[in-house]
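Student: Below are the structure tokens for one structure; questions will follow.
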Amino acid sequence: MSRRPRSTPHPGRPERGQTLVEFALVIPIVFMIFSGIFDLGRAVYAYNTIANAARQGARVAAVNQLAPPDTNTQCAKDMPIEDPSNPHWSTRACAAAAAIGLGVPTSAVTVSYAPPAGTTLSCSPLHVGCLASVTVAYTWSANTPVIGRIVGPLTLTSTSQIPIERVFP
């Protein structure tokens, strides 16, 4: 019985280290794909958060009907506003508080009241049927430097409108 000498190469592996070279070439691409997925998830989270903040702000604006500019920086939704001329919290502060995870400032929130399209309704003073509109803006930037250079910072905005169903007493 004769054995093959150990010094002869295997017939299927002419070059050693080829797998290591292929791995070194592919791993940066895989890393970029995972980083892109991570940044895309952050962007979706940011958009959903500002959309929710706009919805909550529009609800507060429709219920309490605070005339802009509401400059108060507090949000105490559990305490109703009894005097609209002297409110103790604001729509902008409540919308910004809903996006606290992103650090949205009150200056990035705009509140307005307007009549529905195609009507002759006047919204000064406010009437039933006027639309309370809240817009929240946020500047998103990627965490990954390469993707950040490709995409750059994005300004995400979300607007929510709710009709006024009763006029504040």
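Student: Collect the residues in the range 86-101 that are part of a loop (DSSP other than H, G, I, E, B), among the aliphatic types (A, V, I, L, M) and touching a residue at least 12 places away in the same chain (Cβ under 8 Å), keeping them in residue-number order.
Tutor: Within the range 86-101, just ALA99 meets the criteria.
Student: Could you please let me know if PRO80 is within 17 Å of ALA132 (Cβ to Cβ), more than 20 Å from the chain's Cα centre (by Cα) and open to solvent by 50 Å² or more (accessible area, probe 1.4 Å)?
Tutor: Against the criterion (within 17 Å of ALA132 (Cβ to Cβ), more than 20 Å from the chain's Cα centre (by Cα) and open to solvent by 50 Å² or more (accessible area, probe 1.4 Å)), PRO80 qualifies.
Student: Which one of the conditions (1) over 17 Å from ALA43 (Cβ atoms); (2) in contact (Cβ under 8 Å) with a residue 24 or more places away in the chain does VAL104 fail to meet, given that it meets all the rest?
Tutor: (1)
Student: Next question, about the same structure. In the range 115-132, is there at least one residue being closer than 18 Å to ALA51 by Cα and not β-branched (Val, Ile, Thr)? Explain how you work it out, then say what you get.
Tutor: Going residue by residue through the range 115-132, those that are closer than 18 Å to ALA51 by Cα are 131-132.
Applying the additional criterion that residues be not β-branched (Val, Ile, Thr) yields 131-132.
Yes.
Student: Here's another thing I want to ask about it. Regarding MET1, is this residue out of contact with any strand residue (DSSP E or B) (no Cβ under 6 Å at 6 or more places or on another chain), surrounded by 13 or more Cβ atoms within 10 Å (Cβ to Cβ) and modelled with pLDDT under 90?
Tutor: no
Student: Starting from residues that are assigned to a loop (DSSP other than H, G, I, E, B), over 23 Å from PHE31 (Cα atoms) and among the polar types (S, T, N, Q), keep the ones in the range 120-169 and report whichever is modelled with the lowest pLDDT.
Tutor: It comes out as SER124.
Student: With the condition kept exactly as written, say whether any residue in the range 16-25 is over 18 Å from ILE100 (Cα atoms) and at pLDDT below 85.
Tutor: The answer is yes, given that some residue of the range 16-25 is over 18 Å from ILE100 (Cα atoms) and at pLDDT below 85.
The values are calculated or read from the model by the stated rules, or taken from the named source; none is laboratory data. Since the structure is predicted, the reported quantities are computational estimates derived from the model, not experimental observations. Cβ atoms come from the backbone with ideal geometry, glycine included; neighbour counts cover every protein chain shown. Ligands, DNA and RNA are excluded from the accessible area calculation, which covers all protein heavy atoms including side chains. Shrake-Rupley method; radii C 1.70, N 1.55, O 1.52, S 1.80 Å.
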